[in-house]
Amino acid sequence: MATEGDPTDLVKVLHLLVIAFSWGMQVWVSFIAGFVLVSRVPLHTFGLVQSKLFPWYFYCLLGSNAVSLAIYAVYHPRELLDWHESIQMALFFVAVIMAGLNAQWFGPAVTENMLVMREIEQEHGLGGEVGFSTNRERYAKLREQDPKYKAHRSSFYRYHGLSNLSNLVSFACITINLIYLALHLASI
């Protein structure tokens, strides 16, 4: 039975569902969907699908991580935190920051560069292949010939790498919190 200041069973269930939603969504988008999609559709279609889905993904992740942080913060006042709870709070906070960076900065930058690259690649008959490119030499030649393409490709990979890194950091934070919560279900 909940005492004053302790979360109710409904809040505990909500908290666990929100964290499970975040974790499951990250597993699917990060490790499964991309590999399935890239092996089934042309490169440009893959890029367009990601450009439409990723903003939703990043904002859902940002929202669910913010809700998790808020619920945790309400029931774990800073003054009463032990070191385990402080780490959990920090992990929830980092997950929110990482999702926010992806939603507001990295994701849009990746999409912007991808769309410019797509346009240039279409002019040169590239991007229609399914799976990883078998035309590596044609892409390399395009990079050598077109400085605009080379610049956008470099920027695309930089932001794509930062986006992947922040997504993996967020995934690690949520995974650690989910494990901790599973081991301490009574104290959610």
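Could you tell me whether Gly131 is out of contact with any Pro (no Cβ under 8 Å at 6 or more places or on another chain) and at pLDDT below 90?
On the way: out of contact with any Pro (no Cβ under 8 Å at 6 or more places or on another chain): yes; at pLDDT below 90: yes.
It is true that Gly131 is out of contact with any Pro (no Cβ under 8 Å at 6 or more places or on another chain) and at pLDDT below 90.
Among the residues of the range 28-64, what is the count of those that are farther than 29 Å from Glu121 by Cβ and either more than 11 Å from the chain's Cα centre (by Cα) or of a type in the set (Asp, Glu) (or both)?
So the answer is 2.
Restricted to the range 174-188, and to residues that are touching a helix residue (DSSP H, G or I) at 6+ places or on another chain (Cβ under 8 Å), hydrophobic (A, V, I, L, M, F, W, C) and modelled with pLDDT of 90 or more, which residue is surrounded by the fewest Cβ atoms within 10 Å (Cβ to Cβ)?
Among them, the one singled out is Ile176.
Regarding Ala103, is this residue in contact (Cβ under 8 Å) with a residue 60 or more places away in the chain, of a type in the set (Gly, Ala, Ser), surrounded by 15 or more Cβ atoms within 10 Å (Cβ to Cβ) and closer than 30 Å to Ala20 by Cα? So that I can check it myself, show each step before the final result.
Working: in contact (Cβ under 8 Å) with a residue 60 or more places away in the chain: no; of a type in the set (Gly, Ala, Ser): yes; surrounded by 15 or more Cβ atoms within 10 Å (Cβ to Cβ): yes; closer than 30 Å to Ala20 by Cα: yes.
Considered against the rule, which asks whether it is in contact (Cβ under 8 Å) with a residue 60 or more places away in the chain, of a type in the set (Gly, Ala, Ser), surrounded by 15 or more Cβ atoms within 10 Å (Cβ to Cβ) and closer than 30 Å to Ala20 by Cα, Ala103 comes out as no.
Pairs, please: C-beta under 8 Å, at least 6 apart or cross-chain, first residue within 17 Å of His15 (Cα to Cα) and part of a loop (DSSP other than H, G, I, E, B) and in the range 69-96, second modelled with pLDDT of 90 or more and of a type in the set (A, V, I, L, M)?
His76/Met89
What pairs come up if the first residue lies in the range 168-188 and is closer than 14 Å to Ser68 by Cα, the second is surrounded by fewer than 14 Cβ atoms within 10 Å (Cβ to Cβ) and at pLDDT below 90, and their beta carbons are under 8 Å apart, counting only those six or more places apart or on different chains?
Tyr180/His84
For the range 4-51, name all the residues that are surrounded by fewer than 12 Cβ atoms within 10 Å (Cβ to Cβ), touching a residue at least 60 places away in the same chain (Cβ under 8 Å) and among the charged types (D, E, K, R).
Listed by number, the list holds a single entry, Arg40.
So which of Phe156, Phe171 is within 30 Å of Ala20 (Cβ to Cβ), part of a helix (DSSP H, G or I) and either at pLDDT 95 or above or among the small types (Gly, Ala, Ser) (or both)?
Values: Phe156 fails: within 30 Å of Ala20 (Cβ to Cβ).
Just a single option satisfies the conditions, and that option is Phe171.
Taking into account only those residues within the range 118-167 that are among the small types (Gly, Ala, Ser) and touching a residue at least 40 places away in the same chain (Cβ under 8 Å), which is nearest to Ser39 (Cα to Cα)?
Gly131
The values are calculated or read from the model by the stated rules, or taken from the named source; none is laboratory data. Not measured: the values here are computed from a predicted model. Ideal geometry is used to build each Cβ from the backbone, glycine not excepted, and the neighbour counts take in all protein chains shown.
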